[in-house]
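Here is the structure we will look at, set down as structure tokens.
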Amino acid sequence: MPILLFLIDTSASMSQRTHLGTTYLDIAKGAVETFMKLRARDPASRGDRYMLVTFDDPPYGIKAGWKENHATFMNELKNLQAVGLSTLGQSLRTSFDLLNLNRLVTGIDNYGQGRNPFFLEPSIIVTITDGNKLTNSSGIQDELHLPLNSPLPGSELTKEPFRWDQRLFSLVLRLPGLMPSEAEQLGSVPSDESAITPMCEVTGGRSYCVCTQRMLLQCLESLVQKVQSGVVLNFEKTGPDPAPVGEDGILEALKSAPPLGPQLWHSCHKLIYVRPNHKTGVPVGHWPIPESFWPDQNSPTLPPRNAHPVVKFSCVDCDPMVIDKLPFDKYELEPSPLTQYILERKSPLTCWQVYVNNSGKYSDLGHPFGYLKASTALNCVNLFVMPYNYPVLLPLLGKYDILQGF
């Protein structure tokens, strides 16, 4: 059940009027309603939960949370007024804390026992703001700062205020007050240069610089496509680059010097899609992504984890391993320079093993917990999650089956 939280800038500057005669706040309200209409086209939207947060001081900024129904959401949206300060940092913290309110009770984060991609609460925060200077009761702020302290129990177990299934997107309204003299340029919408953009990118989201009404509709259609069930991972290469492969999949000698320095595919911060089971409607899985520490019985607390696990991949070609009667989990990767590079190699019969640093007791890199592999049709790349150190475990299970006469 996706959670769609709208964070609306209700600072006084949202009262400025555009050349269309409407205020920025009017445009923000209309954008929320348009998004909901676009989203309603998808049958999966029936399970959506909408929340509304503003820039008002906490707790008054939460207009519609876990208990409020759809009618309350729409009524609160209609009655918003632009009279406050641009307290973006505090409002973002309020939004993340609202999303995380029940996570420790439900055990969804599974602290200390590995991260289960199939335990998730996919959430998207859509911030609609004018991108003006950030302010608080003390004056103007040059940088975006989120309060470090959270009242939620268990918040100290994650370093960041967000979780791996929560992404932040921002519509930064830049519509002019006068009718533009130049014709509108069509194409992709660029990111904005305001303080919220780095925060969006850190969570796996992005910002949009909205200069026209048509551009706004284009952004809303893009955002509807972003409502996906999945979690964000950091994929990072470990070890040397792979040998080049020819068009027919045969290794070629180097025809030219390899490019120097890190390449885009060496490090990617992307989503893996966690599809619901077609029978039950909820994701099903078996194996966790390992924690990045070895348990210490003498430690009084668990070490805090990064919101997004760092998954290392080795570019050594290996044979994919599966055995009967032992399940595995399969997740498709969001398109990225990494998936493009793997698909261009046209090697669907080999895989690259994946690791989590410090997950083993005697090795910094730890043991493999799965692998990256191109699909047979070469149209996507999948992450296969297996039992930890599966290259040792699977042959042992195979021998056990033989001994048992299975």
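The values are calculated or read from the model by the stated rules, or taken from the named source; none is laboratory data. This is a predicted model, so every value here is computed, not measured. Counting neighbours? That spans all protein chains shown, and the Cβs are built from the backbone with ideal geometry, glycine included. Just the protein is used for accessible areas: all its heavy atoms, side chains included, with ligands, DNA and RNA removed. Shrake-Rupley method; radii C 1.70, N 1.55, O 1.52, S 1.80 Å.
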Among (1) exposed (fewer than 15 other Cβ atoms within 10 Å of the Cβ); (2) touching a residue at least 60 places away in the same chain (Cβ under 8 Å), Pro153 falls short only on (2)
Inset, instruction - Assess whether Thr158 counts as being touching a Phe, Trp or Tyr at 6+ places or on another chain (Cβ under 8 Å) and among the hydroxyl-bearing types (Ser, Thr, Tyr). - result: no
Among Leu77, Leu38, Leu25, the single one that is in contact with a helix residue (DSSP H, G or I) (Cβ under 8 Å, 6 or more places away or on another chain), in a helix (DSSP H, G or I) and surrounded by fewer than 18 Cβ atoms within 10 Å (Cβ to Cβ) is Leu38
All conditions in (1) surrounded by fewer than 18 Cβ atoms within 10 Å (Cβ to Cβ); (2) at pLDDT 95 or above; (3) over 23 Å from the mean Cα position of the chain (by Cα) are true of Cys351 except (1)
Selection from the range 156-190 of residues open to solvent by less than 20 Å² (accessible area, probe 1.4 Å) and closer than 21 Å to Glu221 by Cβ yields Arg167, Leu168, Phe169, Ser170, Leu171, Val172, Leu173, Leu175, Val189
Residue pairs qualifying under the 8 Å Cβ cut-off, at least six apart or on distinct chains, with the first in the range 120-140 being farther than 13 Å from Leu92 by Cβ and the second being hydroxyl-bearing (Ser, Thr, Tyr) and open to solvent by 30 Å² or more (accessible area, probe 1.4 Å), are Leu120/Ser229; Pro122/Ser229; Asp130/Ser13; Asn132/Ser13
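What do you reckon, is Asp317 over 21 Å from Pro117 (Cβ atoms), of a type outside the set (A, V, I, L, M, F, W, C) and either touching a helix residue (DSSP H, G or I) at 6+ places or on another chain (Cβ under 6 Å) or touching a residue at least 12 places away in the same chain (Cβ under 8 Å) (or both)?
Yes: the conditions hold for Asp317.
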Filter the range 1-22 for residues that are more than 22 Å from Gly205 (Cα to Cα) and among the aliphatic types (A, V, I, L, M); the one that is surrounded by the most Cβ atoms within 10 Å (Cβ to Cβ) is Met14
- Task: Determine if the range 363-370 includes at least one residue that is under 21 Å from the mean Cα position of the chain (by Cα), open to solvent by less than 60 Å² (accessible area, probe 1.4 Å) and hydroxyl-bearing (Ser, Thr, Tyr).
- Result: no
Residue pairs within 9 Å by beta carbon, gap of at least six or interchain, first lying in the range 207-222 and in contact (Cβ under 8 Å) with a residue 24 or more places away in the chain, second of a type in the set (Ser, Thr, Tyr) and assigned to a strand (DSSP E or B), listed first then second, are Ser207/Thr127; Ser207/Ser170; Tyr208/Ser170; Met215/Tyr208; Leu216/Tyr208; Gln218/Tyr208; Cys219/Tyr208; Ser222/Tyr208
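Conditions (1) under 28 Å from Pro387 (Cα atoms); (2) in a helix (DSSP H, G or I), marked per residue:
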| position | (1), (2) |
| --- | --- |
| Pro59 | no, no |
| Gln90 | no, yes |
| Thr94 | no, yes |
| Leu101 | no, no |
| Gln113 | yes, no |
| Phe118 | yes, no |
Reported set for the range 217-235 where residues are assigned to a helix (DSSP H, G or I) and open to solvent by less than 10 Å² (accessible area, probe 1.4 Å) is Cys219, Leu220, Leu223
With respect to Gly131, is the statement that it is modelled with pLDDT of 80 or more, open to solvent by 10 Å² or more (accessible area, probe 1.4 Å) and out of contact with any Gly (no Cβ under 7 Å at 6 or more places or on another chain) true? yes
Over the range 237-258, the set of residues open to solvent by 50 Å² or more (accessible area, probe 1.4 Å) and either touching a helix residue (DSSP H, G or I) at 6+ places or on another chain (Cβ under 7 Å) or modelled with pLDDT under 60 (or both) is Glu247, Asp248, Ile250, Leu251, Glu252, Ala253, Leu254, Lys255, Ser256, Ala257, Pro258
